[in-house]
1. Relative contact order for region 2-208: what percent, with Cα pairs under 8 Å and sequence separation of 6 or more?
2. Among the trypsin sites (Lys or Arg not before Pro) in region 177-209, which ones are in a DSSP loop with at most 12 other Cβ atoms within 10 Å of the Cβ? Mind listing them?
3. Any idea what log10 I(q)/I(0) is at q = 0.11, 0.14 Å⁻¹ for region 117-209, Debye with uniform C-alpha scatterers and no solvent?
4. Output ³J(HN,Hα) for region 188-193: one whole-Hz value per residue in order, computed from phi by the Karplus curve 6.51 cos²θ - 1.76 cosθ + 1.60 with θ = phi - 60°, and x for Gly and Pro.
5. Could you tell me the calculated FRET efficiency between S157 and A25, based on Cβ-Cβ distance and R0 = 35 angstrom, to the nearest 0.05?
6. Out of Q111, H182, Y145, whose Cα points farthest toward the positive end of the dipole of region 2-208 (charges: +1 Lys, Arg; -1 Asp, Glu; placed on Cβ)?
7. I'd like the GluC sites (Glu not before Pro) in region 105-155 restricted to DSSP loop residues with at most 12 other Cβ atoms within 10 Å, sorted by number.
8. Rounded to two decimal places and with Rh computed the Kirkwood way over Cα pairs, what is Rg over Rh for region 94-164?
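Just so you know, all these numbers are worked out from the coordinates, no wet-lab data involved. Given the structure is predicted, the values throughout are model-derived calculations rather than measurements. In this analysis, Cβ positions are derived from the backbone assuming ideal geometry, glycine residues included, and neighbour counts consider all displayed protein chains.
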Amino acid sequence: MKKFLFLTLIISSITVSAQYGGIEASTGGFSFVPDFTSEDPHFILSVGTNTDKRLQGQLLSLIRTENLVPRNAIFITRYKFLDKRLKATIGTHLPALQISDDYQVDSFFAQELRTDYGINEKWRLSTMYLHGKGRNNDLEINFGYVGLNYNKGKWNSFSQVWAIDLNNGFGLCQTVSYQIAHKIQLRGFINKTLSTGNTNMTLGVYRAF
């Protein structure tokens, strides 16, 4: 109960001070590791501070549509130490909370390194490395991806090649979004885990605040 109250406090405080945010109604969920993406319906909440600043904060939370109970909450702080054509940030997840169907709370701490390079006005190359370790469980992972982002008009496409040291997993995934109105996007995601043959996909509607 104390952890749930702490989670509620974090969500409330970040939402009040957020400079961007939105919520997505999705047929699935979201995970930094594509193979971990849930295929159960969720609302995906994302709020954060100005991404142009050196110091940034972000809150991500998956909320079950069936009972509006959070499945997880991740509070991320990032520092942008390169801000030229090549941008780079380091970040910490303090913490990431996972809430099971029977309200068991697992907590994780993670560190990340991200880079972003603008090739031209339409194409961007990005990378991410994430190390996560359970605080009250045995999970520990090293995850990374190389991604290519394409943006033109109302369309945005993000392609990833990813790998994780858990069971030597690796795969490909694709996210596509289309801006149907000023603050509304249609989003589609598909992942193919080549190491296991698993495929997962989601469709969603995103509304910015």
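1. 14 percent
2. Those satisfying the criteria are K183.
3. -0.42, -0.66
4. Each residue of region 188-193 in turn: x, 9, 9, 10, 10, 8 Hz.
5. That gives a FRET efficiency of 0.95.
6. It is H182.
7. On the way: sites: E112, E121, E140; in loops: E121.
Of the GluC sites (Glu not before Pro), the ones in loops of region 105-155 whose Cβ has at most 12 other Cβ atoms within 10 Å are E121.
8. Result for region 94-164 is an Rg/Rh of 1.14.
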